[in-house]
Amino acid sequence: MVSQTYKIANPTGFHVRPTKTFVQLASTYPCKITVHNKGKKANGKSSLTMLTLGITANDEVLLEVEGEQEQEALQELGKLLTAIYE
Amino acid sequence: MTTSYKGIAASPGIAIAQAVVVKQEHYVPVASTIVDAQAEWQRFEQALQAAKHDIERIYQLTHDKLGADHAEIFEGHLMMLEDPELIESVALAIKDEMLNAEFALHRTAQQFIQMLLELDDEMLRGRASDIQDIAGRILSHLRGVKHIDLSALDEDCIIIAHDLAPSDTAQLKLELVRGFITEAGSRTSHSAIMARSLELPAVVGVGQAILDVNNGAMLIIDGNKGEVHVHPSEQLLAHYEAEKLAYDAKQANLRKLVHEPSISTDGHRVELAANIGKLEDIERALQNGAEGIGLFRSEFLYMSRNTLPTEEEQFNSYKYALEKMNGKPVVIRTLDIGGDKDLPYLQLPKEDNPFLGQRALRFCLANPELFRTQLRALLRASVHGNLKIMFPMVAVLEELFEAKHLLAEERQRLLEEGIAVSDHIEVGIMVEVPSVAVSADLFAQHVDFFSIGTNDLIQYTMAADRMNKSLSYLYQPLHPAILRMVKMVIDAARQHGKWVGMCGEMAGDQNAVPLLLGLGLHEFSMSSSSILAARELITSLDQSQWSELAEQALQFTHSAAITQFVQQQLQR
């Protein structure tokens with residue numbers, strides 16, 4: 001298992017569009033993807049659970065990836081967490 | 001006989017048409033035990049597929065009719081319908097607990113809705129209604145009843161419903177719908193937002209009685225006042241028909257001005273800009289024809305949190321705003337706290353007279369490290385658009401010099417670190433303290449622009465706390481004392497080839513705009529909703545004529561006389 005903490009950079013938070021982008025990419029990986037925020041955790045392939053994390057700008061979220069292609073998934077998904085969205 | 005109802009004015013305008021009442025039954029599934037889990041699961045899967053087909057069709061329909069932006073919400077719905085956690089939770093309830101599919105889905109959806117409703121973020125809480133919408137659709141398929149179908153309308157109508165979900169409104173033949181009335185809802189509910197973006201009048205939160213109106217009944221919606229009139233009398237109908245004509249014509253004229261420049265009849269061009277307090281406000285500013293951001297209140301970045309924003313966080317926000325405005329000017333005001341705005345995490349000492357205390361630039365200069373962080377973020381962002389930096393609450397030149405000195409130092413440091421900084425960032429000050437207004441000629445050579453903050457300038461000139469209701473009579477934007485100061489600032493700036501803006505309420509005031517134009521104000525920054533009306537006014541005025549009229553107005557002794565004078569001249 002690999003994990004890393006990322007700080008959400010998008011100034012308007014992590015709403016529908018960033019969540020959609022994240023979940024779509026997460027769903028292409030075979031490994032298990034878990035996102036932790038403020039004591040809650042979500043399945044990175046589920047937009048519903050991701051939304052319930054209530055992620056806002058500058059939150060520090062922990063991304064945990066386990067299984068095949070975990071290193072690559074961590075790296076690519078981490079980029080999405082720290083990206084800026086229009 | 002006319003029956004009238006009062007609700008929330010959710011979207012402006014007037015509509016007159018027949019009612020189509022959408023009856024929605026309120027169905028709550030009850031738990032029952034099933035015998036064949038496999039068959040039940042198949043039943044659920046079929047309903048899920050059918051719901052997906054519906055949404056795909058609605059997505060396409062919306063995409064073709066209203067464009068990709070409006071359709072995006074249904075992409076979200078499709079993702080929810082494919083959500084692994086949702087599906088697994090329903091599957092477990094059916095297969096392990098032997099629950100009926102209706103209840104299994106209902107319980108799962110409610111769990112997610114509950115979790116979302118507990119969040120602080122309003123935008124995320126709003127997603128609860130999306131889950132309600134998709135769950136309702138699957139339930140309709142499970143039960144074999146028709147989901148509300150609004151695609152069968154065949155003549156002009158006004159829709160009356162309990163509330164409307166996104167997938168309901170998406171199917172509307174919009175060319176036939178003249179307005180919405182809902183029993184429930186608020187200004188921020190989906191039907192209200194939808195109505196505003198489609199520019200259809202809407203009144204929401206009218207109450208249950210509205211659902212008893214008969215199909216086909218004649219209706220008037222007054223979306224400006226939040227009123228609904230059923231079976232209007234001939235007299236009322238005639239009144240509203242006239243009002244509707246006038247209103248629609250006015251709106252059509254205003255909308256035409258969105259991409260137009262603000263030029264007076266004699267060819268004098270000014271700039272109409274927006275005041276913003278959050279990044280989300282930028283979109284609305286652009287939709288309302290803003291030619292720039294005249295006041296970006298940077299303090300919002302510091303509020304509603306427990307620590308100071310870092311340089312990186314601020315940089316991201318400034319960059320976002322500059323890029324979104326795509327080369328149009330963005331005037332960012334450095335941190336303005338103190339007065340009525342506190343940052344609890346800084347534990348600032350209480351002051352006896354906070355409005356006369358260590359606020360805004362005074363505070364920043366006393367806390368240079370905090371100020372330097374903001375300046376660095378601004379300088380780094382400057383390469384991403386047309387940035388102008390503005391210092392608030394300057395009273396004496398020393399303050400301006402010190403602020404500019406810190407700015408120059410940070411610029412130098414960044415350049416030494418190899419970080420790009422734009423070399424044409426204009427630097428200006430707010431004119432809020434009378435000392436600056438009356439000695440503007442001494443400041444003009446040291447700034448690129450002035451922006452007159454009228455709310456504070458009036459309070460300091462009249463020595464009247466603007467929060468104190470019993471002194472509200474002293475809040476007089478058109479008082480000769482204020483107008484004369486405005487003139488002093490503009491004249492001083494003009495002599496030095498600098499420009500002057502105004503970012504207080506006064507800049508959008510229909511009685512003040514002609515005088516300000518006449519005095520030579522260059523930039524008018526106001527709430528987004530006032531921009532188009534101000535543009536309409538300015539494009540009908542002769543600047544040189546108002547220049548003379550403004551001189552005359554300055555000789556009156558009272559605000560009331562000046563207001564009356566302006567109104568008389570406008571009616572000529």
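Quick note: the coordinates plus some simple rules give every number you see, no bench work behind them. This one's a predicted model, so the numbers in the text were calculated from it and none came from an experiment. When we count neighbours, we look across all protein chains shown, and the Cβ atoms used for this are built from the backbone with ideal geometry, even at glycine.
Structure above, values below:
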{"item": "Taking the convex hull of Cα positions in segment B:269-571, its mean projected area over all directions (nm²)", "result": "15.4"}
{"item": "Electrostatic dipole magnitude of segment A:13-86 [Cβ: Lys, Arg +1; Asp, Glu -1; Cα centre; debye, to 20]", "result": "340"}
{"item": "With Cα atoms, 0 to 90° folded angle of helix B:68-81 axis to chain B main axis", "result": "50"}
{"item": "Diffusion coefficient, µm² s⁻¹, Stokes-Einstein with Kirkwood Rh over alpha-carbon pairs of chain B at 20 °C and 1.002 mPa s", "result": "78"}
{"item": "GluC sites (Glu not before Pro) within segment B:389-424: DSSP coil, no more than 16 neighbouring Cβ in 10 Å", "result": "B:Glu417"}
{"item": "Among B:Gly385, B:Ser472, B:Leu370 - extreme Cα towards positive end, dipole of segment B:269-571, charges at beta-carbon", "result": "B:Ser472"}
{"item": "For chain B, calculated [θ]222 nm from helices alone, where every DSSP H run of n ≥ 4 adds -39500 (n - 2.57)", "result": "-14500 deg cm²/dmol"}
{"item": "Cα gyration tensor, segment B:1-98 - rounded (a/c under 1.5), prolate or oblate", "result": "oblate"}
{"item": "Cα centre as origin, Lys/Arg/Asp/Glu Cβ charges: segment B:491-552 dipole, Debye", "result": "200"}
{"item": "Shielding by other protein chains, B:305-316, mean Cβ within 10 Å", "result": "2"}
{"item": "Sum of -39500 (n - 2.57) over DSSP H runs of 4+, divided by residues of chain A (222 nm, nearest 500)", "result": "-10000 deg cm²/dmol"}
{"item": "Added length on full extension, which subtracts the Cα-Cα distance from 0.36 nm per residue, B:Ile263 to B:Leu370", "result": "34.4 nm"}
{"item": "Relative contact order (%) - criterion: Cα under 8 Å, at least six apart; region: chain A", "result": "46"}
{"item": "Per-selection Kirkwood Rh - chain A (Cα, Å, 1 d.p.)", "result": "12.4"}
{"item": "Proximal charge balance of B:Ala165 [Cβ under 9 Å; K/R count +1, D/E count -1]", "result": "-3"}
{"item": "Relative contact order of segment B:140-293, pairs being alpha-carbon contacts under 8 Å that are 6 or more residues apart, as %", "result": "13"}
{"item": "Degrees, to the nearest 10: B:128-143 long Cα axis against longest axis of chain B", "result": "20"}
{"item": "Projected-area mean, segment B:37-143, by convex hull of Cα positions, square nanometres", "result": "6.7"}
{"item": "Out-of-range pairs (alpha-carbon distance over 21 Å; input B:Lys388/B:Lys498; B:Lys225/B:Lys278; A:Lys32/B:Lys95; B:Lys173/B:Lys256; A:Lys7/B:Lys328)", "result": "B:Lys225/B:Lys278; A:Lys32/B:Lys95; B:Lys173/B:Lys256; A:Lys7/B:Lys328"}
{"item": "Per-selection Rg to Rh, segment B:293-452 - Cα, Kirkwood hydrodynamic radius", "result": "0.95"}
{"item": "Positive-end residue of B:Leu397, B:Leu164, A:Ser27, charge dipole of the protein assembly as shown with Cβ unit charges", "result": "B:Leu397"}
{"item": "Around B:Thr454: net Lys/Arg minus Asp/Glu count, Cβ-Cβ under 14 Å", "result": "-2"}
{"item": "DSSP bridge pairs, segment B:269-571: antiparallel proportion in percent, nearest 5", "result": "5"}
{"item": "Per-residue average of Cβ from other chains inside 10 Å of B:117-127", "result": "4"}
{"item": "Whole-angstrom gap from segment B:189-263 to segment A:11-28, using each part's C-alpha centre", "result": "37"}
{"item": "Distance from segment B:521-571 to segment B:487-520 (C-alpha centre basis), Å", "result": "10"}
{"item": "Cα-based helix-to-principal-axis angle, B:234-256 vs chain B, degrees rounded to 10", "result": "60"}
{"item": "Cleavage-rule hits (GluC sites (Glu not before Pro)) in segment B:87-170: DSSP loop, at most 12 neighbouring Cβ within 10 angstrom", "result": "B:Glu118, B:Glu155"}
{"item": "Within segment B:252-296, GluC sites (Glu not before Pro) in DSSP loop having at most 15 other beta-carbon neighbours inside 10 Å", "result": "B:Glu280"}
{"item": "Dipole magnitude (debye, nearest 20) for chain B, charges at Cβ of Lys, Arg, Asp, Glu", "result": "1140"}
{"item": "Whether the protein assembly as shown is rounded, prolate or oblate, judged on the alpha carbon gyration tensor where a/c under 1.5 counts as rounded", "result": "oblate"}
{"item": "Cβ-based exposure ranking for B:Ile58, B:Ile87, B:Ile419, in which fewest neighbours within 10 Å come first", "result": "B:Ile419, B:Ile87, B:Ile58"}
{"item": "Dipole of segment B:1-156, positive end: most advanced residue of B:Phe112, B:Leu86, B:Ser11 [Cβ charges, Cα centre]", "result": "B:Ser11"}
{"item": "Extent along principal axes [Cα atoms of segment B:122-250; Å; largest to smallest]", "result": "49, 33, 27"}
{"item": "Average partner coverage of A:42-50, which counts Cβ from other chains inside 10 Å", "result": "6"}
{"item": "For segment B:1-28 versus segment B:278-296, the gap between their alpha-carbon centres in whole angstrom", "result": "32"}
{"item": "Segment B:446-497 - Rg over Rh from alpha carbon coordinates, Kirkwood radius", "result": "1.07"}
{"item": "Relative contact order, percent, chain B [alpha-carbon distance under 8 Å, six or more residues apart]", "result": "13"}
